[in-house]
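Here's the structure we're looking at; comments come further down.
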Amino acid sequence: MARIVGVNLPDKKRVEIGLTYIYGIGRSLSNKILAEAKISPDLRISDLTDQDIAQLKLLLDQYTIEGDLRRQVSINVRRLQDINSYRGTRHKNRLPVRGQRTKTNARTKRGKKRTVGSGKKTETKT
């Protein structure tokens, strides 16, 4: 199991997909990095040599990824909250930030709520 930038990459995956396990790297950036390193995207991670892994680590140092990127994102969100912008207040209230509707959807953001009945009580016969 290759360990790059503090992330264990799965051995059985192709390198192109395996690099996307690193926070901040998607498919397009993964392909760009592999093209720079002259590594075939069809190789499995278990087939990479130590030299290939070292070259990938060297190329990944140029990008803001993993802990630095997470820190940068959290600082940006905190700044929005501090200046009391609309987006900041949405983040504080744990609601969707980008204009999605919340009346019917957004269950993952709002949480599972219990449905309320009609308010009518049924009479029981005694």
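Tabulated values for the structure
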| item | result |
| --- | --- |
| Any hit, region 53-73, residues being at positive phi and assigned to a helix (DSSP H, G or I) | yes |
| Residue match in region 15-32 (condition: among the hydroxyl-bearing types (Ser, Thr, Tyr) and in contact with a strand residue (DSSP E or B) (Cβ under 6 Å, 6 or more places away or on another chain)) | yes |
| Residue within region 77-91 that is within 29 Å of Ile4 (Cβ to Cβ) and assigned to a helix (DSSP H, G or I) present | yes |
| Residues of region 77-101 classified as surrounded by 12 or more Cβ atoms within 10 Å (Cβ to Cβ) and not charged (D, E, K, R), total | 10 |
| Yes/no for Lys13 being modelled with pLDDT of 90 or more, basic (Lys, Arg), over 25 Å from Arg70 (Cβ atoms) and in contact with a helix residue (DSSP H, G or I) (Cβ under 9 Å, 6 or more places away or on another chain) | no |
| Qualifying residue in region 6-24 (condition: in contact (Cβ under 8 Å) with a residue 40 or more places away in the chain and charged (D, E, K, R)) | no |
| Tally of residues being over 16 Å from Leu59 (Cβ atoms) and touching a helix residue (DSSP H, G or I) at 6+ places or on another chain (Cβ under 7 Å) across region 16-26 | 1 |
| Selection from region 59-75 of residues that are free of Cβ contacts under 8 Å to residues at least 40 places away in the same chain and surrounded by 11 or more Cβ atoms within 10 Å (Cβ to Cβ) | Leu59, Tyr63, Asp68, Arg71, Gln72, Val73 |
| Residue count for region 58-73, restricted to those that are aliphatic (A, V, I, L, M) and more than 18 Å from the chain's Cα centre (by Cα) | 2 |
| Residues of region 18-36 satisfying the condition of being under 16 Å from Ile53 (Cβ atoms) and either crowded, with 16+ Cβ neighbours inside 10 Å or within 19 Å of the chain's Cα centre (by Cα) (or both) | Gly18, Leu19, Tyr21, Ile22, Ile25, Ser30, Ile33, Leu34 |
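The values are calculated or read from the model by the stated rules, or taken from the named source; none is laboratory data. Source: prediction; values computed, not measured. Quick reminder, even Gly has a Cβ in these numbers, built from the backbone with ideal geometry, and neighbours come from all protein chains shown.
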